[in-house]
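S.K.: One structure, as structure tokens, below. Some questions next.
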Amino acid sequence: NGFSLARKALFEVGQMSVRDAMPHGNTTVGEELLRPHRCYARAVLPVIEEFDSVLAVAHITGGGLYDNLPRVLPGDMQAVLDRRSWTPLPIFQLIQQVGGIPDSEMFRAFNMGIGMMLVVDKDAATSVVQRLQELGEHAAIIGRLQRGSQDVQIV
């Protein structure tokens, strides 16, 4: 799982400590690893009530983007995510760099900074993002659906 991979990359390979400072930040490696998941209910529940165009919601936890998003997709739909549309959190960048971990493993083990995904009708995507931002969330359109196998492609 993600913590096993992070522990191996940072503490075994990188010889780091939980007390080491994060690069370009004012927290420690340990504080970043123990940062709790955000609760999205205050923003997502009103959006679901306001927009009929929300088709699915995926909480991106263990299994990362590759395992969680397909669970809410129809069998003939594929998600294509544009990795340039968001910046992974610094802790993920550190784990990958120190551990020499390939992208595919990072996106399978971690959420890479995408804690919750809403699958919405294309025509409503901009309005849904705007509403989420009004509710205090950092939201963006990060991909699209297309006909294909029930999986995720990160391009």
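S.K.: Kindly provide the set of residues from region 126-152 that are under 14 Å from the mean Cα position of the chain (by Cα) and open to solvent by 80 Å² or more (accessible area, probe 1.4 Å), ordered by number.
M.R.: The first filter runs over region 126-152 and keeps only residues under 14 Å from the mean Cα position of the chain (by Cα), leaving 137-143, 152.
Once the filter is applied, which keeps residues that are under 14 Å from the mean Cα position of the chain (by Cα) and open to solvent by 80 Å² or more (accessible area, probe 1.4 Å), region 126-152 yields H138, I141.
S.K.: Can I ask one more? Among the strands (runs of 3 or more DSSP E) confined wholly to region 41-125, which include 1 or more residues that are in contact with a Ser or Thr (Cβ under 8 Å, 6 or more places away or on another chain), hydrophobic (A, V, I, L, M, F, W, C) and open to solvent by less than 70 Å² (accessible area, probe 1.4 Å)? Reasoning before the result, please.
M.R.: Details: elements: 54-59, 77-81, 116-120.
The strands (runs of 3 or more DSSP E) meeting that bar are 116-120.
S.K.: Could you please give the count of residues in region 5-17 that are in contact (Cβ under 8 Å) with a residue 12 or more places away in the chain and within 23 Å of the chain's Cα centre (by Cα)? Let's see the steps before the verdict.
M.R.: Kept after step one, since they are in contact (Cβ under 8 Å) with a residue 12 or more places away in the chain, are these residues of region 5-17: 5-6, 8-10, 13-14, 16-17.
Next cut, within 23 Å of the chain's Cα centre (by Cα) only: 5-6, 8-10.
Residues flagged as in contact (Cβ under 8 Å) with a residue 12 or more places away in the chain and within 23 Å of the chain's Cα centre (by Cα) within region 5-17 amount to 5.
S.K.: Looking at region 1-34, which of the residues that are among the polar types (S, T, N, Q) and part of a loop (DSSP other than H, G, I, E, B) is modelled with the lowest pLDDT?
M.R.: N1
S.K.: With respect to G113, determine if the residue is within 26 Å of I48 (Cα to Cα), in contact (Cβ under 8 Å) with a residue 12 or more places away in the chain and among the small types (G, A, S).
M.R.: On the way: within 26 Å of I48 (Cα to Cα): yes; in contact (Cβ under 8 Å) with a residue 12 or more places away in the chain: yes; among the small types (G, A, S): yes.
Spelling it out, G113 is indeed within 26 Å of I48 (Cα to Cα), in contact (Cβ under 8 Å) with a residue 12 or more places away in the chain and among the small types (G, A, S).
S.K.: Sticking with this one: Filter region 6-30 down to the residues that are more than 16 Å from Q93 (Cβ to Cβ) and charged (D, E, K, R), then identify the one that is most open to solvent (accessible area, probe 1.4 Å).
M.R.: So the residue we want is R19.
The values are calculated or read from the model by the stated rules, or taken from the named source; none is laboratory data. The structure presented is a predicted model; accordingly, all values stated were derived computationally and were not measured. As a convention, Cβ positions derive from the backbone with ideal geometry for all residues, glycine included, and neighbour counts pool all protein chains shown. When the accessible area is computed, the model is the full protein with side chains, heavy atoms only, and any ligands, DNA or RNA have been set aside. Shrake-Rupley method; radii C 1.70, N 1.55, O 1.52, S 1.80 Å.
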